[in-house]
Amino acid sequence: QVQLVESGGGLVQPGGSLRLSCAASTSIVGFDVMGWYRQTAGKQRELVATITPWESTHYADSVKGRFTISRDNAKNTVYLQMNSLKPDDTADYYCNANKFPTILWGQGTQVTVSS
C-alpha cells in the first residue's frame, strides 16, 4: 500500500520559515498531481498548493508569494517551503497525491506560528 509521510512541522515565530517534506513509498512521477492542504479545528481542509509532474504549480491566494511547492522525483518527495509565516498559517498540514480514481493522504504534520 502506498504511503505518504509528512515531516518538518513545528513551532515557529511569526515571520519565520519552515520546510515541510512529503515522502512517498513509491515513485511520485505516476501521480496526476500532488499537493499540500491544511486544516484547523472546526474548519474544512483547504488547499494550500499543488504541483504536477511537469511542475506546473497552483497556490491558494493566502499563501502566494510566501510558500513554494517543489518536488524531487529522485527522492520521491514533495516539499513546501513556507516563509514569512503568520499566526493564521497555524494548522495541521497534509500531503495529498492523486492518481485517478485514487486519492492518498498522509497523516499530517502540525505547524504552529506563535510568539
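We did not get these values from a lab; they are worked out from the coordinates using the rules stated. Just so we're clear, the structure is a prediction, and the values are computed from it rather than from any experiment. All Cβ positions, glycine included, derive from the backbone under ideal geometry; neighbour counts span all protein chains shown.
Put the Cα centre of region 15-32 next to the Cα centre of region 69-89 and the gap is 7 Å. The longest stretch of the chain left intact once loop-based trypsin sites (Lys or Arg not before Pro) with at most 12 other Cβ atoms within 10 Å are removed from consideration, loops following DSSP, is 65-115.
As an equivalent ellipsoid, region 25-78 spans semi-axes of 22, 14, 9 angstrom, where each value is the square root of five times an eigenvalue of the C-alpha gyration tensor, largest first.
Computed on the chain, with alpha-carbon pairs under 8 angstrom and 6+ residues apart, the relative contact order is 37 percent. For region 81-92, putting each phi into the Karplus relation 6.51 cos²θ - 1.76 cosθ + 1.60 with θ = phi - 60° gives couplings of 8, 10, 10, 6, 5, 10, x, 5, 7, 4, 4, 8 Hz, in residue order, rounded to whole numbers and with x for Gly and Pro.
Using DSSP to call loops (not H, G, I, E or B), can you name the GluC sites (Glu not before Pro) in region 1-104 whose Cβ has at most 15 other Cβ atoms within 10 angstrom? Don't skip to the answer; put the middle values down first.
Details: sites: E6, E46, E55; in loops: E55.
Those satisfying the criteria are E55.
Rg ratio for the chain: its Cα radius of gyration over 2.2 N^0.38 Å, N being its residue count, equals 1.00.
Based on Cβ point charges of +1 for Lys and Arg and -1 for Asp and Glu, what charge dipole magnitude is obtained for region 15-111 about its Cα centre, in debye rounded to the nearest 20? Mind showing how you got there, number by number?
Values: 10 positive and 8 negative charges, 17 e Å.
It comes to approximately 80 debye.
Lysine pairs, Cα distance under 24 Å, 8 or more residues apart or cross-chain: how many in the chain? Pairs that pass both the separation and distance tests number 4.
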